[in-house]
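To start, the structure itself, in structure tokens.
The values are calculated or read from the model by the stated rules, or taken from the named source; none is laboratory data. Everything numeric in this text was worked out from a predicted model, so none of it was measured. Neighbour counts are summed over all protein chains in view; Cβ atoms, including those assigned to glycine, are modelled from backbone coordinates with ideal geometry.
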Amino acid sequence: MTLNVEGYYKYFPQLSNINQNKIVEDEAQFANVADEYKKDFIIESGQSYGVDFLLKYTRERMYFWGVYSYGRSTRWDGFKEYFPVFDRRHNVNLVGTYIFGKKKNTELSVRWNLGSGLPYTPTAANYQGENFSGGVTTDYLTNNPNSVSTILGTFNSERLPYYHRLDITGKHKFIFKNKTEIEVIVSITNAYNRRNIFYVNRVTNKTIYQFPLLPSAGLSYKF
């Protein structure tokens, strides 16, 4: 059995990103406007820190591997500090394998992963968007547009629900006298059919989930 603990801190003084504070085009008429409001890209700073715990256990036919990670990442864009989309506070990975049979030719593996919610920007409001299809003569008081526009809330201020998933894999090898092998692999991804969010449509509010319970099988031949 081995236990490894590692802590880390990283500082990033120059990170390129899309400028979310842009309000005018970078043209001569806006020469007096600060670059923070007209450039397509900006340089940000950021920092990441955390700690990782890794436990490994091996005994004859059994193997176990477990990891817990705590991390925190932030960015500063010159106006505010925010969490980037990959900032995940807690992450757990557990992997276990057991080998069966006198010839040790059957293997069962189980993997469970848990991750706390990633940041996202909430919707503050939806409203009917006027595209002024009739130009300057469009009567916006009586016009009834079909488009829907969205007002976004504070950038990356909310968190998605926790993500977790169980995967199970079984393998069996048929070994022949001429040293050729046939391996049969059967697996189940997302074994308890967890509904992990992929994305949410801001207009319809419909939630799209990642793949459901997904069985699969494979066959390999070695010679």
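Table for the structure above
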{"quantity": "Search result, residues across region 137-151 that are out of contact with any strand residue (DSSP E or B) (no Cβ under 6 Å at 6 or more places or on another chain) and surrounded by 12 or more Cβ atoms within 10 Å (Cβ to Cβ)", "calculated": "Thr138, Asn143"}
{"quantity": "Residue in region 105-116 that is at pLDDT 95 or above, surrounded by 16 or more Cβ atoms within 10 Å (Cβ to Cβ) and assigned to a loop (DSSP other than H, G, I, E, B) present", "calculated": "yes"}
{"quantity": "Subset of region 50-103 that is among the hydrophobic types (A, V, I, L, M, F, W, C) and not in a strand (DSSP E or B) - its residue that is farthest from His164 (Cα to Cα)", "calculated": "Phe79"}
{"quantity": "Answer residue from region 43-57, given it is exposed (fewer than 15 other Cβ atoms within 10 Å of the Cβ), in contact (Cβ under 8 Å) with a residue 40 or more places away in the chain and not basic (Lys, Arg) and is farthest from Thr2 (Cα to Cα) among those", "calculated": "Tyr49"}
{"quantity": "Search result, residues across region 87-104 that are exposed (fewer than 15 other Cβ atoms within 10 Å of the Cβ), touching a Phe, Trp or Tyr at 6+ places or on another chain (Cβ under 9 Å) and more than 30 Å from Phe155 (Cβ to Cβ)", "calculated": "Tyr98"}
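Residues are listed down the side, and each one gets a yes or a no for (1) closer than 30 Å to Gly96 by Cβ; (2) touching a residue at least 40 places away in the same chain (Cβ under 8 Å); (3) among the polar types (S, T, N, Q):
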site: Met1; (1), (2), (3): yes, yes, no
site: Leu15; (1), (2), (3): no, yes, no
site: Lys22; (1), (2), (3): no, no, no
site: Lys38; (1), (2), (3): no, no, no
site: Phe41; (1), (2), (3): no, no, no
